[in-house]
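Read the structure below first, then the notes.
Any read-out appearing in this document is the output of simple, stated calculations on the displayed coordinates, not a laboratory observation. Just so you know, these numbers come straight off a predicted model, no measurement behind them. Don't worry about glycine lacking a Cβ; one is built from the backbone with ideal geometry, like all the others, and counts go over all protein chains shown.
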Amino acid sequence: MLSDVEAVYENGVLRPLSALPLAEREHVKLTVERAADEDWLDAQYMQACAADADPAITLEQVRSALATIRGSMDDAIEADRGDH
């Protein structure tokens, strides 16, 4: 039994992204699920943010607060952290 294999679906065919130890024309059984692009995502941090979220804050309030930031968001974060 093989483990997980990443593939790309192109023109009606699944193309593995790496070589498989299979004989030519060998029949296999597949279970297909969409690959989550979560390598960059810190799920634990996202859960902590969700737990701390205030549902009373509206999108308009967020937009209004963001509109007051002068320069780049990076500069604003660094200034807030005292990195400057």
The range 1-20 residues that are surrounded by 10 or more Cβ atoms within 10 Å (Cβ to Cβ), paired with ones that are of a type in the set (D, E, K, R) (beta carbon under 7 Å, 6 or more apart): 7/15; 8/15
- prompt: Which of the residues belonging to the range 53-70 are exposed (fewer than 10 other Cβ atoms within 10 Å of the Cβ) and outside any loop (DSSP other than H, G, I, E, B)?
  reply: 59, 60, 63, 67
statement: The number of residues in the range 36-52 that are in a loop (DSSP other than H, G, I, E, B) and surrounded by 10 or more Cβ atoms within 10 Å (Cβ to Cβ) is 2
